[in-house]
Amino acid sequence: MAVFGARAPRLGLSSRACFVPLNSGWNRKRVRSQGETAFSCIRLKKTSSRASAFTLAVLFSFSPASLVAQIVSDGSTNTNVVVNADGSVTVGIAPTTSDGVSLNRYRDFSVPKPGVQLDNRTEAARTIVNEVTGTSRTDIEGPVEVLGQRAHVIVANPNGIVIDGGRFVNTGRVALTTGQISTTQRQIAPGIFQDNLVSTVNGGTITVKGGGLSGQMDAIDLIAHSIRVDGPITNESTNAGASIRLAAGSSSTEFDSAVLPGNTGLSWGNITGAGATSEGAVLVEITRPGVLRANRVGIEVSDQGAGVRFAGEGYATARSFTLSADGRIDLSGAKIEAPAGISASARSITLDNSTLTASEGPISMAATEATGDGLTGLDFALSGQTLFLSSEGNLSFGITEDGTTSLTSTTGDIVLQAKGTFADAGSSFAAHRNLLVSADQRLSLSESTLGTTEGSIQLDTKGAFTATGTVANAFGHLLVTADEATLAKGTRRSEFKAENGSFILTTFGVNSAGHLTNTGSLIQGGVQVDGLKDSAETESTGAVTLNVKGSLINTTAEDLAVIFGAGGDVSIRTGVNIENNRGRILANGDVKLIAEGDVLNIVDAPNGAVDPEVVQYTRKGKRQWWTLWIKRKRESYVSYDYGTLENTDQLAAITATDGVSIEASGSLINQGGDINANDGDLEIKALRVETIGLGSGKVYVRRTCVLTCSYDGEGSVAYFGGRLNASENVRIEATEKFYNRAGSVLAIGNVEIISGDVELEAALVPTLVTRPAGLYNFWASKAAWVFLRDQFGSIVADTGNITVTSDRPAKITGGTLTAGGSVELENGQEIVRAPDAYSDAPNHTIGFFADLPLIRQ
């Protein structure tokens, strides 16, 4: 049985009595008049004993749970409470104020499963307040319905509120709060005032259990110091502004009494944080069974240092989903969908195993503390029209062994900003338009995938930029700025492509040497775009534009290191060196290289690749008594060892479909590499120019003689690189010296060399020659010897002229100058050795007895 705060209809007994649950713990006493105590009496008229028994049976037919869930007026307001036969309770609300507020106070206010009706048919209140002044919490286990005119409903209980199967019917906005209710006067016009309700929260918890909370409401606000959701909260209203709001922390909420039910366009409850501190506390927790569903959803925590833990589901079906906290927002296993957008703001934010989708709006997340964890995530997915993630500290994303992390913008941009570092390991970033990533301290990508469908990629950091096993594919431009930059292979090759736009990379070298190190990676640009600049104001001067404060180090490892202008020029400027070690610098246009230091187009050479190791000896055996006049055993051996040049299909190359121009304040060293201008001129300006071919392989021959001679020999030697080629003209200006050592200069047109010194040196390339046995040695054995022939060290102007202007005569050691036209050497030439061929083969007398002393030459 329930105990009520108003007189009930007469049931038949002549005496007046109070019925109090025996196990309630309350003081039992007779009540003389309505409102004297927490208990009212029911007057029973005399009837037959059978009728009395029936009446008592009805009164006591309620379960113990129903008896505990009481609504008891505290007597301070004119509030009438009536129990109905089905166990539901009808509350006749107190008269309204001039602002349409009905204030009702209770010792106890709980809603049983049969429900509670707030009778508004007489008072026509705009707002019905139900405030608990006692010490018991409020349990809402059934429906709360407003009879008559629709009204806002406030349930306030500082002791806490537990909802398990609650539902609100015919209500405007609903506020469940653990605050204490007061009023404040506001001037709304000159001489016109209105009284607004204020809920002041200093403590208390609201818990939503598995039975959940639902209803068609303009809004449902849960306002408490802490909130826990273990079940569904559903606002079924189709009004676009219908919402769910969870507000935790010490606060003050002012309710505007002028807002009419049904009007969702105006703010009703304005919350102001009290500035309290709850450092590290989780004041809103949505567990895995918890679900928030409304047209709009908001979660906010006002206490300093306090946060949100969200492991459930959230659906804002028409508008946005927002989360804000001063402490930490932890989205672990969360699923949030909001077509209009999702936003989160806190000192630090964690996204682990979570999926956030905004199909028609942005996703915005901001970590506001510089010294905290920043914004971090593992195995999560974000998908929205645009994504904006920022951190005053760090941004750090990644994946577990079997997980995936993806950030997708369906129609707009992805913007990621970190005041500290940005670090990603294994995530996928797919932007429909632009992808913008910035970090003040460091930007690190490991096994990351970046792409744009229609836009560009921009990566900016004031610190170091590193990319390992990362693929970035921009439909438009790809722009990178960093203090220094490193691209390297991880589990896959790193690739950075601007498919239809320009690739621009700038290094500052403020806190580092400012190098760009590309190890086995691809840098590719589509076309030059006039007027395009990166954030460092470097302007596009080619399909690929590199403006490097330090050195460019382009090194092939397991994969080729390639810099490629797919639809235009490659333009590189460095403050120190350009080092292309087995790499490729390629352009479907011109290649333009400017270095304040050296330009090195090289292959790391083994010992002997330039000057082979030569081993030569002759040994004689001991003379035996029985040999008489026959010569002693003799062994002669000669070998030329250049070492082995690895990966001869991956030599250094600088190649342009048009022309190549190189300017170096230091030297140009082309060792084992090729520089090719396939449809244009090759122009080189440097302090010193060296083009050097490299040998690879080994040749040896061994001759052993007693009565006859036997031969053993094998091997071959090949030369690679050291070539300067142009389909039109070659022009070389070397202030100090031009040195061609086993290399070649080839032009279809003219060759012009201007230098202090000019030197051409051929390589004596060994070739093994074998001869089968024959009459010359009476068929005793095959013969073998090594020829040494001058090769390379050449200059060729196929159809044009060769002009050499030097301070001294050109020094030629086995080299050649060949022209279709004329050869002009301003100061003549010094021929150290004319091209020739040599053999180590001795002259022998033919025949079986050739080695006999009597006939030996």
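The values are calculated or read from the model by the stated rules, or taken from the named source; none is laboratory data. Keep in mind that this is a model prediction, so the values were computed, not measured. Cβ atoms come from the backbone with ideal geometry, glycine included; neighbour counts cover every protein chain shown.
Of note:
- Spans of strands (runs of 3 or more DSSP E) in segment 654-703 with at least 1 residues closer than 30 Å to V614 by Cα: 667-671, 674-677, 682-692
- The condition of being β-branched (V, I, T), touching a strand residue (DSSP E or B) at 6+ places or on another chain (Cβ under 6 Å) and either in a strand (DSSP E or B) or in contact (Cβ under 8 Å) with a residue 40 or more places away in the chain (or both) holds for only one of T376, T411, that being T376.
- Segment 190-230, subset among the aliphatic types (A, V, I, L, M) and surrounded by fewer than 23 Cβ atoms within 10 Å (Cβ to Cβ), residue nearest to R309 (Cα to Cα): V198
- Lone qualifier among G666, G722, G680 - being of a type in the set (G, A, S) and under 19 Å from P606 (Cβ atoms): G722
- Filtered by the rule that a residue be crowded, with 20+ Cβ neighbours inside 10 Å and in a strand (DSSP E or B), segment 178-189 gives a lone residue, I181.
- Qualifying residue in segment 779-786 (condition: surrounded by fewer than 14 Cβ atoms within 10 Å (Cβ to Cβ), within 27 Å of V638 (Cβ to Cβ) and either modelled with pLDDT under 85 or among the charged types (D, E, K, R) (or both)): yes
- Hits in segment 255-277 - residues which are part of a strand (DSSP E or B) and surrounded by fewer than 20 Cβ atoms within 10 Å (Cβ to Cβ): N270, I271, T272, G273, T277
- Candidates R167, R137, R173, filtered to the one that is in contact (Cβ under 8 Å) with a residue 40 or more places away in the chain and over 42 Å from the mean Cα position of the chain (by Cα): R167
- Index of the failed condition, I594 passing every other in (1) of a type in the set (V, I, T); (2) farther than 15 Å from A485 by Cβ; (3) in a loop (DSSP other than H, G, I, E, B): (3)
- Selection of segment 663-704 for residues being at pLDDT 95 or above and of a type in the set (S, T, Y) yields S665, S667, T691.
- Test result for Y719, touching a strand residue (DSSP E or B) at 6+ places or on another chain (Cβ under 6 Å), within 15 Å of G793 (Cα to Cα) and modelled with pLDDT under 95: yes
- With respect to the conditions (1) surrounded by 24 or more Cβ atoms within 10 Å (Cβ to Cβ); (2) under 14 Å from the mean Cα position of the chain (by Cα); (3) of a type in the set (G, A, S); (4) over 23 Å from Q385 (Cα atoms), S448 falls short on a single one, namely (4).
- Within segment 472-494, the set of residues being surrounded by fewer than 20 Cβ atoms within 10 Å (Cβ to Cβ) and not basic (K, R) comprises N473, T486, G490, T491.
- Unmet requirement for G531, which otherwise passes all of (1) farther than 25 Å from G426 by Cα; (2) out of contact with any strand residue (DSSP E or B) (no Cβ under 6 Å at 6 or more places or on another chain); (3) in contact (Cβ under 8 Å) with a residue 40 or more places away in the chain: (3)
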